[in-house]
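Colleague: I am attaching a structure below and will ask some questions about it afterwards.
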Amino acid sequence: MAGKADIERVVSDICGEMRARSDRGEVATYIPELARVDVGAFALAIVDTEGNVYAGGDSDTPFSIQSVSKVFTLTLALGKVGDHLWRRVGREPSGSPFNSIVQLEYERGIPRNPFINAGAIAVTDVILSGHRPKEALGEILRFIRFLADDASISIDEAVAASEQRTGFRNVALANYMKSFGVLENPVELTLGVYFHHCAIAMSCRQLAMAGRFLAQNGRHPTTGQQVVLAGRARRINAVMMTCGHYDGSGEFAFRVGLPGKSGVGGGILAVAPGKGSIAVWSPGLDASGNSRLGQIALEMLTKRLGWSIFSA
Ligand code: GLN
């Protein structure tokens, strides 16, 4: 079993190695505001199940969590409507890019899973029902602040506005689902909430804190509250494992062996059940829109600590 000193050494080795690499991938440019981020940034933070925090690199620098927010919206929507959610969205890997539209036509407007854009928009629509957009967004933000024990987490309005101006594909996906009756609310309201929760800014330290409940059978470690029942935490982890990296999900499972969720801001939240919550950030992406160095860093980490869920 890896002890504190081992974890400290692994974090510092990985941060040192990742700083020096030149093959960093490309930052996302389709959301203009994300194109301004320094591709040289790198951060890694781990919170173990005893509450010890290990952090290296730019681990206090906030970045746009983008699709990592979908872990938290999925958790909230399951809390609101329970397993009925699975009538509105599937839980199978898509094998297609995160913003793909073709599959939606074959599957009559029901998105494959809650982590591709279409699925996450449908999940956001569930959270919005019965509320005004501001209230729904407030609920999402309050939930993340509670999970992370950090009231300072906020939305980067410039990123939200940037995506609102250029998110034409998401508008297409939402309208397409609306035509099948999969969305209950006006498309522009659902998308407004979606763009804003994607624009939440967090540091790796905050993100690793927010993921703790998934490593601890659904329990919030500081309050002792059950955020979700253990069975639900297990299932959220399963969906992260199978669908969290879009068409790169198989590769991530193969190389890293942990439930994980990526975002086009270059962040990844990974969960080592019973061991810890891990956040990594490197803004350069691979062809599937997943952080290039983030995946390499997590692969090194699970190998060195024996933290893959497939390690006995
Ligand atoms: N907000 C982004 C989008 O909808 C999120 C995509 C992502 O992080 N993969 O395109």
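Colleague: Run the numbers on the chain and let me know its relative contact order in percent, using alpha-carbon pairs under 8 Å that are six or more apart.
Modeller: 27 percent
Colleague: Taking the Cα centre of the stretch 1-107 as origin and charging only Cβ (+1 Lys, Arg; -1 Asp, Glu), how large is the dipole, in debye to the nearest 20?
Modeller: So the magnitude is around 320 debye.
Colleague: In whole percent, and with a 1.4 Å probe on the protein chains, what portion of the accessible area of the stretch 116-264 is carbon and sulfur?
Modeller: C and S atoms contribute 54 percent here.
Colleague: What net charge do the residues around Phe254 carry, taking every other residue with its C-beta under 15 Å from that of Phe254, with Lys and Arg at +1 and Asp and Glu at -1?
Modeller: Local charge sum for Phe254: -2.
Colleague: Now for a different question. What do you get for chymotrypsin sites (Phe, Trp or Tyr not before Pro) in the stretch 193-286 restricted to DSSP loop and a cutoff of at most 11 other Cβ within 10 Å of the site's Cβ?
Modeller: none
Colleague: Within the stretch 1-63, which GluC sites (Glu not before Pro) sit in a loop by DSSP and count at most 10 neighbouring Cβ atoms inside 10 Å?
Modeller: Glu50
Colleague: Using only Cα atoms, what is the ratio of the radius of gyration of the stretch 188-312 to 2.2 N^0.38 Å?
Modeller: For the stretch 188-312, the normalised Cα radius of gyration is 1.04.
Colleague: Rule-of-thumb check for the stretch 156-245: C-alpha Rg over 2.2 N^0.38 Å?
Modeller: 1.36
Colleague: Further question: When only C-alpha pairs under 8 Å and at least 6 residues apart count, what is the relative contact order of the stretch 208-312, in percent?
Modeller: So the answer I get is 24 percent.
Colleague: What does the helix-only formula give at 222 nm for the chain: each DSSP H stretch with n ≥ 4 adding -39500 (n - 2.57), the total divided by the residues, and the result rounded to the nearest 500 deg cm²/dmol?
Modeller: Mean residue ellipticity at 222 nm (helix-derived): -14000 deg cm²/dmol.
Colleague: Given +1 on the Cβ of Lys and Arg, -1 on the Cβ of Asp and Glu, and no further charges, what dipole in debye does the chain carry about its Cα centre, rounded to the nearest 20?
Modeller: For this selection, approximately 660 debye.
Colleague: Could you give the length gained on full extension between Phe180 and Glu251, defined as 0.36 nm per residue of separation minus the Cα-Cα distance, in nm?
Modeller: 22.3 nm
Colleague: Report the far tail of the P(r) of the chain, meaning the percent of Cα-Cα pairs longer than 30 Å.
Modeller: Everything past 30 Å amounts to 24 percent.
Colleague: Could you let me know the centre-to-centre spacing of the stretch 231-268 and the stretch 50-123, using Cα atoms, in angstrom?
Modeller: The distance from the Cα centre of the stretch 231-268 to that of the stretch 50-123 comes to 10 Å.
Colleague: While we're here: Of Glu163, Glu157, Glu135, which has the most accessible area and how do the rest follow, probe 1.4 Å?
Modeller: Highest to lowest solvent-accessible surface, that is Glu157, Glu135, Glu163.
Colleague: Moving to a separate point now. If you fit an axis through the alpha-carbon atoms of helix 4-20 and take the longest principal axis of the Cα set of the chain, what angle between them do you get, 0 to 90°, nearest 10?
Modeller: Here the helix axis deviates by roughly 70 degrees.
Colleague: Report the Stokes-Einstein translational diffusion coefficient (µm² s⁻¹, integer) for the stretch 126-178, Rh taken as the Kirkwood radius over Cα pairs, at 4 °C with viscosity 1.567 mPa s.
Modeller: Approximately 100 µm²/s, per Stokes-Einstein.
Colleague: Tilt of helix 157-166 relative to the longest C-alpha principal axis of the chain, in degrees (0 to 90, nearest 10)?
Modeller: So the inclination is approximately 50 degrees.
Colleague: Rolling a 1.4 Å sphere over the protein heavy atoms, what is the accessible area per residue of the chain, to the nearest Å²?
Modeller: Per residue, the chain has an accessible area of 40 Å².
Colleague: With a cut-off of at most 13 other beta carbons within 10 Å, and DSSP calling the residue loop, which trypsin sites (Lys or Arg not before Pro) in the stretch 95-184 qualify? Please list them.
Modeller: Those satisfying the criteria are Arg108.
Colleague: Continuing with this model, one more query. Which of these, Thr223, Thr124, Thr49, has the largest mean-square fluctuation under a Gaussian network model of the chain (Cα springs below 10 Å)?
Modeller: Thr223
The values are calculated or read from the model by the stated rules, or taken from the named source; none is laboratory data. Not measured: the values here are computed from a predicted model. Ideal geometry is used to build each Cβ from the backbone, glycine not excepted, and the neighbour counts take in all protein chains shown. Only protein heavy atoms, including side chains, enter the accessible area calculation; ligands, DNA and RNA are left aside. Shrake-Rupley method; radii C 1.70, N 1.55, O 1.52, S 1.80 Å.
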